[in-house]
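The values are calculated or read from the model by the stated rules, or taken from the named source; none is laboratory data. Computed from a predicted model, the values in this text were never measured in an experiment. Every residue, glycine among them, receives a Cβ derived from its backbone with ideal geometry; neighbour counts consider all protein chains shown. In case anyone asks, the SASA skips ligands and DNA or RNA and just uses the protein heavy atoms, side chains included. Shrake-Rupley method; radii C 1.70, N 1.55, O 1.52, S 1.80 Å.
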Amino acid sequence: MKLLLALAGCCLFLNSCSSLPRPGAELKGSSPAEARAVLQRSAAAHGDPWKNYRKVEVSYDGEWSTLATKIQPIITNPEFRKSSDETYQPRSGRVLQLHRGPSGMKEVTRMRPTQTQVEFNEVISDDPEVKAAAALVADAYTVFLFGSSWLLANGEDFSLLPDAAFEGEVCQLVVGRVEPGFGNSKEDFFVAWLSKESGLLKRFQFSLNGMESTQGADVDVVFSEFRTATDGSVWPRHFVEWIQRPILTKAHDWRMTALKLDRRVVFSKPR
């Protein structure tokens, strides 16, 4: 946490304060039943993937910002996390991530909420901080992929904030809590921005309580370039992550390069 705050202090003159609501226990909305209905509509708009698939295989490729790698080198891990091939099994909760970068391969096996194994170039790591970071990333990326469907199945204490405009459309903001939280966190909080017109998840804010070095921080991910599969399910292909607090800065920009649903190819990596 000291490193995070020190870097934040050095960069304040470069970054304005976040204008987004801060996910947390003190952020409370209204109309819990309506909030759940809004989340249910969004899950259905995406095809309710957390409920309807046994296996989802996805590939990503992206770039980290220099500042993000300095603030959180263990989480960003840019020497190993440039591209990835990932497998998600919703029924068992198992996640397998094969990351690749200049220094080789990083393999993460995650069974939420307590089991995490990390290997660097086939050598198992016993570093608690490395495992905590990998657990946090695996859980967060599960939400990024399955969105409202995952939140509906795993979240609680839903409520509504007032509607807000985002990228030219009106969004309904659902506030909620996840217990256990992401990674080793006891609990985390989120704000899901759901298009009032389409129901699609356009933005996801969440707290980062899974590591000592991230406690008190929050980030958001913006989703775009949606792709509709032949079965009608809808998936974002472009993801942009911003650190909101303690500083406001872009962290990560990545794209989905391949997607397979229960062995059915939606699209594959270009050759």
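Structure notes:
- Segment 113-125 - residue that is open to solvent by less than 70 Å² (accessible area, probe 1.4 Å) and assigned to a loop (DSSP other than H, G, I, E, B) and, of those, modelled with the highest pLDDT: S125
- When restricted to residues that are out of contact with any strand residue (DSSP E or B) (no Cβ under 6 Å at 6 or more places or on another chain) and surrounded by fewer than 20 Cβ atoms within 10 Å (Cβ to Cβ), segment 205-222 contains 3.
- Evaluated against (1) closer than 27 Å to S19 by Cα; (2) more than 16 Å from the chain's Cα centre (by Cα); (3) of a type in the set (S, T, Y), T142 falls short on exactly one condition, (2).
- Per-region count, segment 68-93, residues farther than 19 Å from V118 by Cβ and open to solvent by less than 40 Å² (accessible area, probe 1.4 Å): 3
- Restricting segment 223-239 to residues that are crowded, with 17+ Cβ neighbours inside 10 Å and in a strand (DSSP E or B) leaves a set whose member that is farthest from the chain's Cα centre (by Cα) is V234.
- Counting only strands (runs of 3 or more DSSP E) that sit wholly inside segment 131-207, those with at least 1 residues that are among the β-branched types (V, I, T) are 169-178, 188-195.
- Unmet requirement for G155, which otherwise passes all of (1) surrounded by fewer than 22 Cβ atoms within 10 Å (Cβ to Cβ); (2) over 13 Å from the mean Cα position of the chain (by Cα); (3) of a type in the set (G, A, S): (1)
- If you go through segment 241-271 and keep only what is small (G, A, S), over 17 Å from the mean Cα position of the chain (by Cα) and either under 18 Å from R81 (Cβ atoms) or open to solvent by less than 20 Å² (accessible area, probe 1.4 Å) (or both), you end up with just A258.
- From the list L5, L12, the lone residue that is more than 24 Å from N184 (Cα to Cα), open to solvent by 30 Å² or more (accessible area, probe 1.4 Å), modelled with pLDDT under 95 and in a helix (DSSP H, G or I) is L12.
- If you go through segment 41-84 and pick out every residue that is part of a helix (DSSP H, G or I) and of a type in the set (D, E, K, R), you end up with 3.
- Answer residue from segment 185-204, given it is within 26 Å of P128 (Cα to Cα) and in contact with a strand residue (DSSP E or B) (Cβ under 9 Å, 6 or more places away or on another chain) and is surrounded by the fewest Cβ atoms within 10 Å (Cβ to Cβ) among those: E187
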